[in-house]
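Single-structure report; data block below.
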Amino acid sequence: MENVFDYEDIQLIPAKSIVNSRSECDTTVTFGGRTFKLPVVPANMQTIIDEKIAIYLAENNYFYIMHRFQPETRLSFVKDMQSRGLYASISVGVKEEEYRFIEELAAENLTPEYITIDIAHGHSNAVINMIQHIKKYLPSSFVIAGNVGTPEAVRELEHAGADATKVGIGPGKVCITKIKTGFGTGGWQLAALRWCAKAASKPIIADGGIRTHGDIAKSIRFGAAMVMIGSLFAGHEESPGETVEKDGELYKEYFGSASEFQKGEKRNVEGKKMYVKYKGPLKDTLIEMEQDLQSSISYAGGNKLSAIRNVDYVIVKNSIFNGDKVY
Ligand SMILES: NC(=O)C1=CN([C@@H]2O[C@H](COP(=O)(O)OP(=O)(O)OC[C@H]3O[C@@H](n4cnc5c(N)ncnc54)[C@H](OP(=O)(O)O)[C@@H]3O)[C@@H](O)[C@H]2O)C=CC1
Ligand SMILES: Nc1nc2c(ncn2[C@@H]2O[C@H](COP(=O)(O)O)[C@@H](O)[C@H]2O)c(=O)[nH]1
């Protein structure tokens, strides 16, 4: 493939501003029939989201996807969210018991508004069958399928009935797939996103590898409708991970969904654990993300997110950071 690059190799080129203040720029996005404040979703991982955070995000018009690692709580989670008048957005895997879970939801007349099929190698018959099963039992759920890293995979999952696909195999901060298997989009996630987006006829979620708020704008430029983020959302006051103190500083744990910490065993491990500096309240990060994205929109010469989609860009061969630290 020609033109392989990643987030840090790209700079978007400014266009004449049409706003008098960045606060005029609208960062909202419509995804699956609902409008959200930001085109951003915290990763559906156990150290990133729990029920309390899901409620906060839904109540404040942010998109969320609950993880699938406490399967016994999912049915009551859907009930609880919907009885509060909130949307329900859950994850499933592809094992046999997940088929029964979908049937159970249908039998109880519970239709989650969003269902994400969350497996490592989403270009598979296992995912295609699960998409079709969900569409048969819960036809009005919006189905997100992944993860994938090629246009063929996007087309096949869309053709099977997926309403959106999630792109990113191996670019994550706690991912070791690239090292353990030699495969994935790690190191060229942004180019893979562009490649997949050209083939897509439905929305794409860019998943993994976001290290700065500017990377959100770059994802939008290269075809993402939504951006899934793990590490930037780890380490908050509300984050579910364990908090530890080291040399007088607070840190919180962040581990991969395919790590031995998640799995409880050392089989097919493709994730690791790290400690992230304590960041304070989640609300502050969401506000900063919104302000930074408003600024991105203004540099794009517009007042809506869509302005970013058309900007020119350059590939900066030696990395935009020139050895600087991000913060
Ligand atoms: N985005 C990414 O880069 C990655 C994300 N993850 C995350 O880790 C979690 C666990 O993922 P996963 O292991 O898929 O989930 P599961 O452990 O639930 O596995 C799902 C099913 O797919 C099978 N499977 C898994 N990997 C492959 C493969 N490469 N080829 C064929 N079959 C496969 C598994 O069987 P068996 O275990 O017997 O092979 C199992 O039956 C998820 O949350 C996922 O998102 C993991 C790796 C990469
Ligand atoms: N290869 C692995 N990828 C994983 C694992 N757990 C989660 N993930 C993926 O990472 C992103 C988050 O990436 P970040 O760069 O924003 O931190 C997440 O959404 C998953 O797709 C894992 O164990 N192995």
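Things worth noting here:
- Of all residues in region 149-198 being more than 11 Å from ligand 1 (Cβ to nearest atom) and farther than 29 Å from residue 34 by Cβ, the one that is least open to solvent (accessible area, probe 1.4 Å): 191
- Checklist (1) in contact with a His (Cβ under 7 Å, 6 or more places away or on another chain); (2) loosely packed, with under 14 Cβ neighbours inside 10 Å applied to residue 277, failing item: (1)
- Scanning region 206-222 for residues that are under 18 Å from residue 121 (Cβ atoms), touching a strand residue (DSSP E or B) at 6+ places or on another chain (Cβ under 8 Å) and within 9 Å of ligand 2 (Cβ to nearest atom) yields a total of 2.
- Within region 129-148, being part of a helix (DSSP H, G or I) and either open to solvent by less than 20 Å² (accessible area, probe 1.4 Å) or within 16 Å of ligand 2 (Cβ to nearest atom) (or both) holds for 130, 131, 134.
- Checking 58, 88, 106 one by one, the residue that is open to solvent by less than 70 Å² (accessible area, probe 1.4 Å), without any contact (Cβ under 8 Å) to a residue 40 or more places away in the chain, within 30 Å of residue 277 (Cβ to Cβ) and of a type in the set (Gly, Ala, Ser) is 58 and no other.
- Considering region 217-327, the qualifying strands (runs of 3 or more DSSP E), each wholly inside and each with 1 or more residues that are free of Cβ contacts under 8 Å to residues at least 40 places away in the same chain and in contact with a Leu (Cβ under 7 Å, 6 or more places away or on another chain), run over 243-246.
- Subset of region 160-196 [basic (Lys, Arg) and either touching a Leu at 6+ places or on another chain (Cβ under 8 Å) or not in a strand (DSSP E or B) (or both)]: 173, 178, 180, 194
- Taking the conditions (1) open to solvent by 20 Å² or more (accessible area, probe 1.4 Å); (2) touching a residue at least 60 places away in the same chain (Cβ under 8 Å) in turn, residue 209 satisfies each one other than (1).
- Which numbered condition residue 77 fails, given (1) without any contact (Cβ under 8 Å) to a residue 24 or more places away in the chain; (2) of a type outside the set (Gly, Ala, Ser); (3) away from ligand 1 (no atom under 16 Å from the Cβ): (1)
- Qualifying residue in region 105-124 (condition: charged (D, E, K, R) and either within 12 Å of ligand 1 (Cβ to nearest atom) or within 29 Å of residue 223 (Cβ to Cβ) (or both)): yes
- Scanning region 103-123 for residues that are in a loop (DSSP other than H, G, I, E, B) and either charged (D, E, K, R) or within 16 Å of ligand 2 (Cβ to nearest atom) (or both) yields 108, 113, 119, 120, 121, 122, 123.
The values are calculated or read from the model by the stated rules, or taken from the named source; none is laboratory data. In this text the structure is predicted, and so the values were computed from the model without any measurement. Note that we place each Cβ from the backbone using ideal geometry, even for glycine, and neighbour counts take in every protein chain shown. We work out accessible area using only protein heavy atoms, side chains counted, and drop any ligands, DNA or RNA first. Shrake-Rupley method; radii C 1.70, N 1.55, O 1.52, S 1.80 Å.
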